[in-house]
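The values are calculated or read from the model by the stated rules, or taken from the named source; none is laboratory data. These figures come from a predicted structure and were not determined experimentally. Backbone-built Cβ (ideal geometry, glycine too); neighbour counts: all protein chains shown. For the accessible areas, the whole protein counts, side chains as well, though only heavy atoms, and no ligand, DNA or RNA atoms are used. Shrake-Rupley method; radii C 1.70, N 1.55, O 1.52, S 1.80 Å.
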Amino acid sequence: MKRIASIAELGVNDIPIAGGKAANLGELTAAGFNVPPGFVLTTAAYDYFMEQNGLLRRVEKTLEGIDVSDDRSLQDASAGIRSAFEDVKIPEDLREEILKAYKKLFKNHQDPHLVAVRSSATAEDLPTASFAGQQDTYLNVSSPEELLDKVRKCWSSLFTPRAIAYRSSKGFDHKKVKLAVVVQRMVSSKVSGIMFTVDPNSELPHIIIEAGYGLGEAMVGGKVTPDTYVVDKFHRKIINKRISKQTWKLVRGKGGDSIREDVDAGLSDRQKLTDEEIMALADIGNQIELHYDKPMDIEWCIEDGEVFVVQARPVTTLSSNSKTGRQNHIGGRGMRLEQPADSGTKSKMLVRGLAASPGTAHGPVQLLEENMSLDVVKKGDVLVTSMTSPDMVPAMTRAAAIVTDEGGMTCHAAIVARELGIPCVVGATNATKVLESGMIVTVDGRMGVVYEGAEQAAAETKPSIETVTKSVPVTGTKILVNIGVPQKAEEYARLPVSGVGLMRIEFLFTSFVTEHPLALMEQGRSRELVDKLAEGIAIVGKAFYPRPVILRTSDFKTNEYREMKGGEKFEPHESNPMIGWRGCSRYVSDQYREAFKLELVAVKKVREEMGLKNIWVMLPFVRTVDELRDINVMMKEVGLERGREFKLYLMAEVPCNIFMAEEFADYCDGFSIGSNDLTQLIMGADRDSDRLGKMGYFDERNEAIKRAIEHLIRTAHKKGRVVSICGQAPSVYPEFAEFLVRSGIDSISLNPDTVVSTIGQIASVEQKIILESITRNADR
């Protein structure tokens, strides 16, 4: 086997000797795409270096029995191996081969002889796994000695902590994964970026292009926010743009190092690529996808008007592929699969925000300001407000679409809109200033934009729930559905679910009751409160019978209760209601105890008088075991006792629920992870902060959250308790769904519009786990 080969000699079948990156670059070169010229140190060179320096045995000994969950152990092992690589030299004959290839690369070019030195692992860029970014890349390498040093560093980067841990998690044998090194002529990029030939979040037939000034290293590393352009690949038109301000860029310095340089003030706010360049890139992406016959993730750059392709690999986050891969930092993470609207560019875009609930709708704007009557919102209006609150639900149910100034993907407006199945754009900043009552607008909840005028959506032919259900696979993990609005129960009951994992009673208070519970009690109207709650609960219970419906008792915050009719008299003013008098602390207080009992009486009425024994109860925001004991006593007082036909669950959303899961488990039948509040309280990140959300602080995939969830599942199962989750993360992030299944979650409760697609993802994960188990047993 050759130790050094030209990129042009390689093809996609050469992954075992050249690694995924180099093999794909060779394949692209042979197919006629513009790839910077270069050569590759094959795995034969790596093997020779390892053998001549006796490193293989050192690596095996260091990694033998390593616990990859122990960060310190992992760091020490990596440091030891990489230090050993630094202490040895490249054999002289191999050194001469490398320098000869380097000189040949530049025989027709002037100084400086700058190259990029890039790692290419043999398990990298496969359709079933993404090792992207786990090994080192070095730019602007300017001398023979520096080249040799960076080659050695690339080889040693096969043993970074994250590379070791990832291979272990994927079941790759450390000895069998080898590293080739790509050496290419350095391109001095004016603009660079990433392109996906399918939307990796929604899997819509769109080409997603991200672009930023300067070298691509800053953008790929997430250090700058790029422009995002969305191109309809079939109609060959740009359907969305998101222009980001870029104040600095990475460029090649005089000594060859990459340095930061300010972007000219006149360019920082401008579109990085012209529309013609966007379409030219999209054409290249289409051609690459056609060549590989699969969706591709492509890195590109532009130098002196010439487009270079510097990497191409299969997109690994699609439902037909592995659910774990490189995290894509494109915009619109709330997008979900649906028929796209013909948004076009012919109408003026008025505001832009975060895509919170998909769909397209048009109608007259109705601004809703504080102290205004909800009656001003008529059926078919586009509701525009600073931020919604629970008391606005009646108006929201009449709206054709919702637009807010504030909020993120987990804010009230977003959650309710997804429940109602209407488009929603949140975090639009200036919507209440730009949009005026009476103005006709179109809201595109998939793109997160509001257009002037009534844009017509492309014709849609959506299959019925029954048709879709017939093709849904069976899963070992129970799938449940979240419900807020009772009127949707009959429709959602036709979904392929095992029941309702979260029914929010707050919607009944705002739609059926409409007044503060204590105000009703003061007026002697307690029976009216019970009857109205029972009416709403029964609608859902009947629709799903005999499947269980888990009803979460009230979890309003004090500011939300105060806004209800009659609430001002009974509610304190709190500076931070999110962690104030809410949930179980309210139930056990002298001030609210009897009001909470009326909720329990309503549950008993539905179960006993209406025969709907499938109604169970879940408690929110439980802070102490004493609260739980007290509430168990209150339940017995009204005739509700845990048993075979009646279960009590807790929302696991406060860190103490995790730390003391064993103690809490003695007084409940299971836990349901509230990932929004749990993430907020563990990370100290306001769930409604648009800025923190965009910066990545509010993210259920954070390692701290995942460790908390793993601990809860282990502890609960030891006590014979079940664990579910009712946040939206499993439907938004496929890799998070895979994490939950691998951790042993018993059930996952989803928003209705994500049920079918997420079932497919979970079934795929379960099949993969079974195959992995079979493979392990066969190897024994």
What are the pairs with Cβ atoms under 6 angstrom where one residue, in the range 667-694, is of a type in the set (D, E, K, R) and the other, located anywhere, is modelled with pLDDT of 90 or more? Sequence gap at least six, or different chains. Asp669/Lys647; Asp669/Leu648; Asp677/Glu653; Arg687/Gln680
On the basis of being open to solvent by less than 10 Å² (accessible area, probe 1.4 Å) and at pLDDT 90 or above, does Val177 make the cut? no
Got a number for residues in the range 697-729 being small (Gly, Ala, Ser), out of contact with any Gly (no Cβ under 6 Å at 6 or more places or on another chain) and either open to solvent by 40 Å² or more (accessible area, probe 1.4 Å) or at pLDDT 95 or above (or both)? 4
With respect to Ile505, determine if the residue is at pLDDT below 95, in contact with a Ser or Thr (Cβ under 6 Å, 6 or more places away or on another chain) and open to solvent by less than 20 Å² (accessible area, probe 1.4 Å). yes
I'd like the residue in the range 732-776 that is surrounded by fewer than 16 Cβ atoms within 10 Å (Cβ to Cβ) and of a type in the set (A, V, I, L, M) and, out of all such residues, is farthest from Phe671 (Cα to Cα). Ile774
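Need a quick list: helices (runs of 4 or more DSSP H) entirely within the range 651-753 having at least 2 residues that are closer than 30 Å to Arg446 by Cβ and under 19 Å from the mean Cα position of the chain (by Cα).
Here the list reads 675-683, 690-695, 703-718, 729-732, 734-743.
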Working carefully through the options Gly26, Gly32, find the one that is open to solvent by less than 50 Å² (accessible area, probe 1.4 Å), more than 31 Å from the chain's Cα centre (by Cα) and at pLDDT below 95. Gly26
If I ask for residues that are in a helix (DSSP H, G or I) and either free of Cβ contacts under 8 Å to residues at least 40 places away in the same chain or in contact with a Lys or Arg (Cβ under 6 Å, 6 or more places away or on another chain) (or both), which ones from the range 499-521 would you list? Leu508, Phe512, Val513
Would you be able to say whether some residue in the range 648-661 is open to solvent by 30 Å² or more (accessible area, probe 1.4 Å), farther than 21 Å from Gly727 by Cα and of a type in the set (Phe, Trp, Tyr)? no
Just for the range 200-214: of the residues that are in a loop (DSSP other than H, G, I, E, B) and open to solvent by 10 Å² or more (accessible area, probe 1.4 Å), which one is modelled with the lowest pLDDT? Asn201
Just for the range 354-373: of the residues that are within 19 Å of the chain's Cα centre (by Cα), open to solvent by less than 30 Å² (accessible area, probe 1.4 Å) and of a type in the set (A, V, I, L, M), which one is nearest to Ala414 (Cα to Cα)? Ala356
Quick check on Leu551: is it within 15 Å of Leu650 (Cβ to Cβ), open to solvent by less than 40 Å² (accessible area, probe 1.4 Å) and hydrophobic (A, V, I, L, M, F, W, C)? yes
Criterion (open to solvent by 10 Å² or more (accessible area, probe 1.4 Å) and hydrophobic (A, V, I, L, M, F, W, C)) met by exactly one of Leu105, Leu41, Leu94: Leu105
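To keep it simple, each residue is scored yes or no on (1) among the basic types (Lys, Arg); (2) free of Cβ contacts under 8 Å to residues at least 40 places away in the same chain; (3) part of a loop (DSSP other than H, G, I, E, B).
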residue	(1), (2), (3)
Leu551	no, no, no
Phe556	no, no, yes
Arg582	yes, yes, yes
Arg586	yes, yes, no
Can you name the residue in the range 459-496 that is open to solvent by 40 Å² or more (accessible area, probe 1.4 Å) and hydrophobic (A, V, I, L, M, F, W, C) and is also modelled with the lowest pLDDT among such residues? Ala459
State which residue is most open to solvent (accessible area, probe 1.4 Å) when the search covers only the range 621-634 and only residues that are under 17 Å from Ala665 (Cβ atoms) and not charged (D, E, K, R). Thr624
Glu568 passes all but one of (1) assigned to a loop (DSSP other than H, G, I, E, B); (2) at pLDDT below 95; which number fails? (1)
Restricting attention to the range 229-249, does a residue exist that is without any contact (Cβ under 8 Å) to a residue 40 or more places away in the chain, assigned to a strand (DSSP E or B) and within 30 Å of Lys150 (Cα to Cα)? yes
For residues that are β-branched (Val, Ile, Thr) and in a helix (DSSP H, G or I), scanning just the range 1-19, find the one that is surrounded by the fewest Cβ atoms within 10 Å (Cβ to Cβ). Val12
